[in-house]
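Undergrad: There's a structure below that I have some questions on.
The values are calculated or read from the model by the stated rules, or taken from the named source; none is laboratory data. These numbers were taken from a predicted model, which means no experiment stands behind them. In this analysis, Cβ positions are derived from the backbone assuming ideal geometry, glycine residues included, and neighbour counts consider all displayed protein chains.
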Amino acid sequence: MQPSVNLLDIWYSLTFSYSYNASIVCLALIFQGLISGIIGGLLLHRRKALLTDTLSHATLPGVGIGFLISLFFMDGAREEWVILGGALFTVVLALGVMRLLERWMRQDAALSLTLSGFYGGGVVLLSYIQTIPSGTKAGLEYFLLGQSATINLAETTLISSGALVVFVAYFALYKEWKLLCFDQKYAAALGYNINLLDLLLTILACITIAVGIRSMGLILIMGIITIPALTASLLVKNWSAFILTSALIGAISAHIGVSISAGLDDVPSGSAIILFGMLFYFTALIWRTLHDRYGNLWARHETRQDN
Amino acid sequence: MTFSDFWQVDFGPLISALLSALCCNVGGNLLLVRNQSMTVDAVSHMVLPGMVVAFMMSGEINFFNIFWGALGASLSGIWLVEVLSRRHDRSAVLGMVFSAWFALGILLLELFVDSKVHFDVNHILFGSLESIYWLGLRAGDTFDLSIALANMPADIPILIGILCISMILFMVFYKEILLVSFNYNYARCHVKYSSFLYYGISVFVTMTVVAAFKIIGLIMILGMFIIPPLLASFFSNNLFSRNLLGMVFALFICIAGYSIAVYVPAYYLGEEFSLNVGGTIVSFGAILSLIIVSIKQILFLYSNRYDNTLKISNI
């Protein structure tokens, strides 16, 4: 069972000349990678990366609720925006529950309690949906692992509008994000509402996750949010350059991953994206280690500094 | 649903769920006081590539193949997390490594495992509790102890062994475990093998996850590692009594959740309907702990013994 390899397909997919549908999928995943990089960078500075894990698992009951709504109230027409809307609803609900629980118990316990409660509810709901005789439930399991090959124009529009919201919020509140990430006590002293900004950041993370589960799946979305941010934190020190690098690495690894998946049979695109991101990460880690140990590798005539 | 049906159909899954929950409770208490409850989530996702590789190499789903493969994968993942968290934030590294391991597992599964084989991701995510049958267990005239023991599923004695070993280790090393869990830096000054003990607890938790994994699946592992210890922590501040209380809560949640999953839909919708057992147990436990913590907070707010202002923790 060797996978058939077609290098030409990979090249066509990289240059957007494979087919119309493949280009749509590529575009959707590039947008997803860009906003995941931005949100991941912000969350990494806030030390809240594991929040993503809880929120992404909390999409599962939302998928079930969205499916049931489209089944009972919309005559079984499976509209993707209903399912994604349901996912967004439960993610925001989980965020509220978690912020409440965070005051009452340890943060880690609050995260994992919310995660297990919502994920368990989702599993129960899906097992109930399995008993309903209906033909349209076949694709629901793809939300677990993601299936980017069947993304159509409407879903790409959904992902790009989510991306637009994140871009606008990032550039409009650029100064506030920078303050929040570096010194939140100083920001509070200057009169900014820290709790509101923090809530806004987590809601942006919710939007990123809700639009991302269709293409990446609810488990691997964690990877595309953390890997570009960690890679960028190895490469650059400047804050705005860090966020930019993180977004670019997310977009590039998404593009290359989905192209590899187009050229190789049986390679799921989510896995390809995550593993390509890990390749980036380990390259950056080796470069960083050498750089720290032997000084600047590119400037030959400067004195090497050992630290 | 008659009494003999219970012995034949429900007793096997129920006893497996109970034993797994008791095993998870011991490690869950230790992780809760160490603020590392989310590690379980990461470990339970990391087992996938090891299971697939073990399946590819042996060609059959054997408990020991799956166990060693999953143990190798999750220990290597935890090692990588500990190494990389010297450089980065630990939670971000945890997320990165587990998603990478899971992606690798899915890739191997898609590339090399035939889809006709009874081995897919849904089993791993949702558990296969319903597929445990204990043949030869009947109430009434045909019951024979030797036949019942011969037909016992292989997972049950392994779970009993893990439970006994974990309880004995917990009681023997109770003093050291207490010190290492609550104040690691202090323990490093006074106990020679404290780092061995610290990472030993991680390894032990990993082994528990891996052993219980094949039976109860990812969702119930998560729930049983966090919910009974958390419920116990509302009532006690002593690690040992938390452990015992957690066991009581684990038994209660499992039996109540199992009844809700199996008997309530059968009563209202018909005999053939049932919900996913693991998911129901976990959501029942989560709702129960939410109710108990809310009651506790309300009592706390209206009691005059303490200063009843909530602390703003975010600034």
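Undergrad: Condition test on residue A:12, is it in a helix (DSSP H, G or I), among the hydroxyl-bearing types (Ser, Thr, Tyr) and at pLDDT below 80?
TA: For residue A:12, the condition - in a helix (DSSP H, G or I), among the hydroxyl-bearing types (Ser, Thr, Tyr) and at pLDDT below 80 - is met.
Undergrad: Could you please tell me which pairs satisfy a Cβ distance under 7 Å, a separation of 6+ or placement on different chains, a first residue in segment B:142-158 that is within 14 Å of residue B:16 (Cβ to Cβ), and a second residue that is modelled with pLDDT of 70 or more and in a loop (DSSP other than H, G, I, E, B)?
TA: B:153/B:132
Undergrad: Okay, next question. So which residues in segment B:52-85 are of a type in the set (A, V, I, L, M, F, W, C) and within 30 Å of residue A:230 (Cα to Cα), if there are any at all?
TA: B:52, B:53, B:70, B:71, B:73, B:75, B:78, B:79, B:80, B:81, B:83, B:84
Undergrad: Could I ask something else about it? Return yes when residue B:270 is within 13 Å of chain A (Cβ to nearest Cβ), touching a residue at least 12 places away in the same chain (Cβ under 8 Å) and more than 26 Å from residue B:181 (Cα to Cα) and no when it is not.
TA: Spelling it out, it is not the case that residue B:270 is within 13 Å of chain A (Cβ to nearest Cβ), touching a residue at least 12 places away in the same chain (Cβ under 8 Å) and more than 26 Å from residue B:181 (Cα to Cα).
Undergrad: Name the residues in segment A:260-278 that are farther than 14 Å from residue A:146 by Cα, in contact (Cβ under 8 Å) with a residue 24 or more places away in the chain and assigned to a helix (DSSP H, G or I), would you?
TA: A:260, A:262, A:263, A:277, A:278
Undergrad: Turning to a different aspect of this structure: Take the residues in segment A:187-241 that are in contact (Cβ under 8 Å) with a residue 40 or more places away in the chain, facing chain B (nearest Cβ under 10 Å) and among the small types (Gly, Ala, Ser), then tell me which one is farthest from residue B:101 (Cα to Cα).
TA: So the residue we want is A:233.
Undergrad: Of all residues being more than 7 Å from every other protein chain (Cβ to nearest Cβ) and among the small types (Gly, Ala, Ser) in segment A:75-118, which is surrounded by the fewest Cβ atoms within 10 Å (Cβ to Cβ)? Just the residue, please.
TA: A:77
Undergrad: Then there is this: Would you be able to tell me the number of residues in segment A:157-170 that are touching a Leu at 6+ places or on another chain (Cβ under 8 Å), β-branched (Val, Ile, Thr) and buried (at least 20 other Cβ atoms within 10 Å of the Cβ)?
TA: 1
Undergrad: Among the candidates A:158, A:180, which residue alone is within 12 Å of another protein chain (Cβ to nearest Cβ), part of a helix (DSSP H, G or I) and of a type in the set (A, V, I, L, M)?
TA: A:180
Undergrad: Among the residues of segment A:187-216, what is the count of those that are closer than 17 Å to residue A:82 by Cα and not charged (D, E, K, R)?
TA: Number satisfying all stated conditions: 9.
Undergrad: Scan segment B:34-50 and give yes if some residue there is more than 14 Å from chain A (Cβ to nearest Cβ), in a loop (DSSP other than H, G, I, E, B) and not polar (S, T, N, Q), otherwise no.
TA: For segment B:34-50, residues more than 14 Å from chain A (Cβ to nearest Cβ), in a loop (DSSP other than H, G, I, E, B) and not polar (S, T, N, Q): absent.
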